[in-house]
Amino acid sequence: MPVITTIEDLRRIHARRAPRMFYDYCESGSWTEQTFRDNISDFAQIRLRQRVAVDMAGRSTAARMIGQDVAMPVALAPVGLTGMQSADGEIKAARAAEKFGVPFTLSTMSICSIEDVAAHTTKPFWFQLYVMRDEDFVARILQRAKDARCSALVLTLDLQILGQRHKDLKNGLSAPPKPTLRTMANLATKWRWGLEMLGTKRRFFGNIVGHARGVSDASSLTDWTAEQFDHSLDWDKVRKLKEQWGGKLILKGILDAEDARRAVDVGADAIVVSNHGGRQLDGALSSIRALPGIVRAVGDQVEVHFDGGIRSGQDVLKALALGARGTYIGRAFVYGLGAMGEAGVTRALEVIHKELDTTMALCGRRSVAALDRDILLVPSDFEGNWA
Ligand SMILES: Cc1cc2nc3c(=O)[nH]c(=O)nc-3n(C[C@H](O)[C@H](O)[C@H](O)COP(=O)(O)O)c2cc1C
């Protein structure tokens with residue numbers, strides 16, 4: 001058993017154990033990957049203010065996200081094809097999150113279905129929706145999420161069309177993988193993954209196959225997205241979806257203060273400052289640079305959440321100190337899953353929790369609610385002087 005001390009340790013094992021096409025699917029951004037890289041490197045520009053002789057006994061990372069108690073304000077982000085990184089991946093990740101006491105968000109583009117995840121967990125999870133052209137499909141999937149007791153709808157707004165990731169096209173990404181020579185040669189070196197996959201029936205898009213009509217090739221994410229996603233999604237439709245859902249609504253993919261205000265107008269319970277992990281508009285600002293302006297614009301009217309580039313508990317702390325009330329990890333948990341299944345997701349959460357707790361203490365704070373801008377050293381030009 002390797003000694004895992006960082007998220008980077010998990011990433012390296014994930015790269016070795018998962019088939020190339022799925023690791024690449026996770027570890028890439030769109031086009032030049034500038035935003036993908038900036039999401040991570042911009043965190044490093046922020047430094048921390050060390051404080052001493054502050055009583056640090058009785059610390060807690062516990063918090064609330066949209067009214068739910070969480071062991072730390074770090075949810076698992078919706079990630080498509082999670083069940084291809086490790087067999088039954090969504091179920092494994094949801095169970096790890098449940099045991100840890102943090103929210104799990106199931107993607108529309110998951111391999112395990114909503115019903116399947118609900119049957120293998122005991123607490124409500126969150127469901128992420130991509131809005132499709134087929135309104136009946138949308139109505140049915142919302143009803144399925146309600147029937148499965150999902151306690152929040154995460155509506156993703158930044159993917160009406162798909163940002164191009166070159167590697168996915170070159171690798172012929174599909175679920176399950178198509179048996180080309182190149183793919184088979186790579187799979188032959190991934191025996192552990194292959195054995196586990198042979199042991200499960202969950203190898204297709206579980207929320208889609210058998211539920212959506214007129215899908216010509218549900219195995220190809222790229223083709224399916226191009227065919228089915230609703231290009232005409234606008235704020236009126238968001239408002240209607242909110243009514244249709246009737247429960248807690250989190251709007252994901254906000255990177256601009258004006259859009260944040262629109263999200264407040266439609267009555268969102270929370271927004272997620274996000275650029276989809278650098279997978280959509282390459283050249284957009286990193287999430288952490290965009291966060292302060294959005295908090296200034298709407299932070300007193302709506303719960304502001306954050307994702308993009310979190311690879312440590314220190315990153316979580318920086319986002320919280322800049323005003324986020326909750327954060328999400330995408331790749332950080334997927335590395336854990338691809339490396340070691342459920343135990344790997346648990347390890348990822350443990351690593352982040354320990355880093356958050358220790359850093360909080362060394363900054364002289366005992367609770368996440370007490371984290372504020374005062375514990376950070378932020379360069380004066382951090383937000384940038386963009387015209
Ligand atoms: C492999 C992968 C698949 C993703 N699939 C989805 C998805 O199905 N729905 C969604 O709203 N966001 C999706 N995202 C974006 C994540 O929810 C999240 O915004 C992003 O991963 C955060 O950045 P991070 O990976 O640096 O933590 C995906 C991200 C990755 C890496």
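The values are calculated or read from the model by the stated rules, or taken from the named source; none is laboratory data. Small disclaimer: the values here were computed from a predicted structure and weren't measured. For neighbour counting, all protein chains shown are included, and Cβ atoms are generated from backbone atoms with ideal geometry for every residue, glycine included.
As a summary of the residue check, A212 satisfies the conditions (1) within 29 Å of V266 (Cβ to Cβ); (2) at pLDDT 90 or above except for the one numbered (2).
Taken over the range 42-65, the criterion of being assigned to a helix (DSSP H, G or I), within 15 Å of the ligand (Cβ to nearest atom) and in contact (Cβ under 8 Å) with a residue 12 or more places away in the chain is satisfied by F43 alone.
Among the listed residues A339, A348, identify the single one that is of a type in the set (A, V, I, L, M), touching a Phe, Trp or Tyr at 6+ places or on another chain (Cβ under 6 Å) and surrounded by 24 or more Cβ atoms within 10 Å (Cβ to Cβ).
Details: A339 fails: touching a Phe, Trp or Tyr at 6+ places or on another chain (Cβ under 6 Å).
None of the others qualify; the one that does is A348.
Screening A319 with (1) in contact (Cβ under 8 Å) with a residue 40 or more places away in the chain; (2) under 19 Å from V378 (Cα atoms); (3) surrounded by 24 or more Cβ atoms within 10 Å (Cβ to Cβ) gives one miss only, at (1). Note down all Cβ pairs under 9 Å where the first residue falls in the range 271-284 and is touching a residue at least 24 places away in the same chain (Cβ under 8 Å), the second is of a type in the set (S, T, N, Q) and within 7 Å of the ligand (Cβ to nearest atom), and they're at least six residues apart or on different chains. The qualifying pairs are V272/T156; S274/T156; N275/N39; H276/T156; G277/N39; G278/N39. Note down all Cβ pairs under 7 Å where the first residue falls in the range 79-95 and is over 24 Å from S274 (Cα atoms), the second is part of a helix (DSSP H, G or I) and of a type in the set (K, R), and they're at least six residues apart or on different chains. Qualifying pairs under 7 Å: S86/K92. Can you spot a residue in the range 356-376 that is buried (at least 20 other Cβ atoms within 10 Å of the Cβ) and within 14 Å of the ligand (Cβ to nearest atom)? Looking through the range 356-376, none of the residues is buried (at least 20 other Cβ atoms within 10 Å of the Cβ) and within 14 Å of the ligand (Cβ to nearest atom).
Taking the criterion of being of a type in the set (S, T, N, Q) and either within 16 Å of the chain's Cα centre (by Cα) or buried (at least 17 other Cβ atoms within 10 Å of the Cβ) (or both), would at least one residue in the range 63-78 satisfy it?
Within the range 63-78, one or more residues are of a type in the set (S, T, N, Q) and either within 16 Å of the chain's Cα centre (by Cα) or buried (at least 17 other Cβ atoms within 10 Å of the Cβ) (or both).
Scanning the range 296-342 for residues that are of a type outside the set (D, E) and out of contact with any helix residue (DSSP H, G or I) (no Cβ under 8 Å at 6 or more places or on another chain) yields G299, H305, R325, G326, Y328. Within the range 151-168, not a single residue is hydroxyl-bearing (S, T, Y) and loosely packed, with under 13 Cβ neighbours inside 10 Å. Those helices (runs of 4 or more DSSP H) of the range 68-141 in which 1 or more residues are of a type in the set (G, A, S) and more than 15 Å from the ligand (Cβ to nearest atom) occupy 89-100, 114-119. If you check W245 against the conditions, is it away from the ligand (no atom under 14 Å from the Cβ) and buried (at least 18 other Cβ atoms within 10 Å of the Cβ)? Spelling it out, W245 is indeed away from the ligand (no atom under 14 Å from the Cβ) and buried (at least 18 other Cβ atoms within 10 Å of the Cβ).
No other residue among D269, D230, D234, D259 is of a type outside the set (S, T, Y) and within 18 Å of S107 (Cβ to Cβ) apart from D230. If you scan the range 148-177, which residues turn out to be away from the ligand (no atom under 13 Å from the Cβ), at negative phi and among the basic types (K, R)? Matches in the range 148-177: K170 only. For the range 305-323, a tally of residues being under 19 Å from G278 (Cα atoms) and among the hydrophobic types (A, V, I, L, M, F, W, C) returns 4.
When N186 is tested against (1) farther than 22 Å from G89 by Cα; (2) modelled with pLDDT of 90 or more, just one condition goes unmet, and that condition is (1). Candidates T35, T6: the one that is within 16 Å of the ligand (Cβ to nearest atom), buried (at least 21 other Cβ atoms within 10 Å of the Cβ) and β-branched (V, I, T) is T35.
Among residues of the range 119-128 being crowded, with 21+ Cβ neighbours inside 10 Å and of a type in the set (A, V, I, L, M, F, W, C), the one that is farthest from D69 (Cα to Cα) is F127. Evaluation of L187 against the conditions (1) in contact with a helix residue (DSSP H, G or I) (Cβ under 9 Å, 6 or more places away or on another chain); (2) under 28 Å from D307 (Cβ atoms); (3) among the hydrophobic types (A, V, I, L, M, F, W, C) shows that the sole unmet condition is (2).
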